[in-house]
Amino acid sequence: MTPSGVALTKTYLFGEEIESKAADWGEQLWLILKQLLPVSPPISLRASDSYAYLGDRLTNFVHSRLIVRGVQLVGEFNDLPGEALDQELDNLVDDLLDLSAEERANIVWFLRRACERIRAGGADPTKSQKKTIRRFAQANSHRCYLCGHSLIFGNEAEAEEELPDDALPEQRAPQNYWTFEIEHVFPQRRGGSRHRSNLAASCKSCNKFKDVLISFADLPVETYVTPSITPSRITETFGGVKKFALLWRQRGCCARCDVPFYEAADERLFIVRGDPKDAYHFFNVEIACGPCGDEIEEGILLRA
């Protein structure tokens with residue numbers, strides 16, 4: 001599993017002339033660590049592929065520790081010769097990992113560049129790029145790249161204006177969750193770039209839940225389980241961040257037809273079980289698009 005996992009098939013129409021802003025150093029560092037930190041689920045576990053996320057969780061943790069401390073070191077050694085910073089980064093890696101000199105040097109190379117870019121805010125799109133992305137996304141009716149919801153291409157005040165005058169207070173607040181935001185697929189604060197392939201249209205809600213997480217493995221997904229079979233209880237249990245985790249695990253695609261939710265015929269989402277005889281838990285719960293949900297007898301409407 002790659003750490004980002006989801007990307008729009010439609011590419012934004014802006015060029016990035018500065019290689020240091022577009023290089024995927026954070027993701028390259030993650031891939032190196034993934035190779036160095038192999039974790040396999042116990043062979044006694046059935047459907048062991050479902051538990052591969054445990055290895056990603058370890059990789060994400062080590063990656064985050066390196067990046068967060070590395071950014072601190074870049075700030076502390078900003079005015080000193082580059083060799084001093086490299087030595088501190090060497091020590092940081094040695095404190096966490098037992099590696100050969102070549103492996104350590106490779107990690108430090110990507111780590112330093114990623115941390116210097118984070119410290120400088122170098123992955124944040126310029127105002128001009130943001131305008132270009134917004135215009136292109138609006139012209140192409142982009143929906144949230146994870147949950148597939150239609151987006152409001154304006155600020156929160158403009159979102160309020162789209163509601164009827166007699167809208168109740170509780171109807172107004174949720175509207176803001178669908179405002180357009182530019183999302184870094186691999187998190188900017190974990191070394192993600194501003195290359196157009198790493199940017200996507202997101203709703204405010206999904207962007208808030210994702211924050212600096214690298215994958216759904218960073219969430220306590222093994223706790224997402226309920227004995228209930230009552231539809232209202234199921235939708236309550238798998239709402240909010242848990243729904244987001246399911247969407248991310250499925251890479252923003254329907255579990256049944258594999259169509260991206262942002263390209264689905266409608267915006268309805270259904271909860272279904274992989275094994276109807278088993279309880280509703282994270283690895284037995286799937287999200288289906290509207291057309292697929294209509295064909296599933298026990299499907300529970302999650303979003304109308």
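Computed values, structure above
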| item | result |
| --- | --- |
| Residue-normalised accessible area of the chain, given per residue in Å² at a 1.4 Å probe | 50 |
| Helix-only [θ]222 nm of the chain, DSSP H runs n ≥ 4, -39500 (n - 2.57) each, per residue, nearest 500 | -13000 deg cm²/dmol |
| Label-point separation in nm, residue 58 to residue 212, each point 7 Å along Cα→Cβ | 2.3 |
| Exposed-site-free run, longest, the chain (rule: GluC sites (Glu not before Pro); DSSP loop; at most 14 other C-beta within 10 Å) | 18-161 |
| Spin-label proximity, residue 36 to segment 106-129 - amide N less than 20 Å from point 7 Å beyond Cα toward beta carbon | 106-118 |
| Length released on extending from residue 277 to residue 84, taking residue separation times 0.36 nm less the Cα-Cα span | 63.5 nm |
| Size-normalised alpha-carbon gyration radius of segment 1-57, reference 2.2 N^0.38 Å | 1.59 |
| With every protein chain in place, segment 76-130: carbon and sulfur % of accessible area (1.4 Å) | 44 |
| Dimensionless Rg over Rh [segment 167-282; C-alpha; Kirkwood] | 0.98 |
| Principal axis dimensions, segment 1-143 - Cα atoms, whole angstrom, descending | 53, 50, 21 |
| Probe 1.4 Å - accessible area at residue 177, Å² to nearest ten | 100 |
| Loop-located trypsin sites (Lys or Arg not before Pro) in segment 1-59 whose Cβ has at most 10 other Cβ within 10 Å (DSSP) | 46 |
| Whole-percent carbon and sulfur share, accessible surface of segment 1-75, 1.4 Å | 56 |
| Where Rh is the Kirkwood radius over Cα pairs, Rg/Rh for segment 214-304 | 0.93 |
| Total formal charge among the other residues, if their Cβ is under 14 angstrom from that of residue 184, Lys/Arg +1 and Asp/Glu -1 | +2 |
| Segment 204-292: trypsin sites (Lys or Arg not before Pro) falling in loop per DSSP and having at most 14 other Cβ within 10 Å | 277 |
| Tail weight of P(r) past 29 Å, computed on alpha-carbon pairs of the chain, percent | 43 |
| Segment 67-98 and segment 221-241: distance between their alpha carbon centers, rounded to Å | 43 |
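The values are calculated or read from the model by the stated rules, or taken from the named source; none is laboratory data. Not measured: the values here are computed from a predicted model. Please note: Cβ atoms are built from the backbone with ideal geometry, for glycine as well, and neighbour counts cover all protein chains shown. In case anyone asks, the SASA skips ligands and DNA or RNA and just uses the protein heavy atoms, side chains included. Shrake-Rupley method; radii C 1.70, N 1.55, O 1.52, S 1.80 Å.
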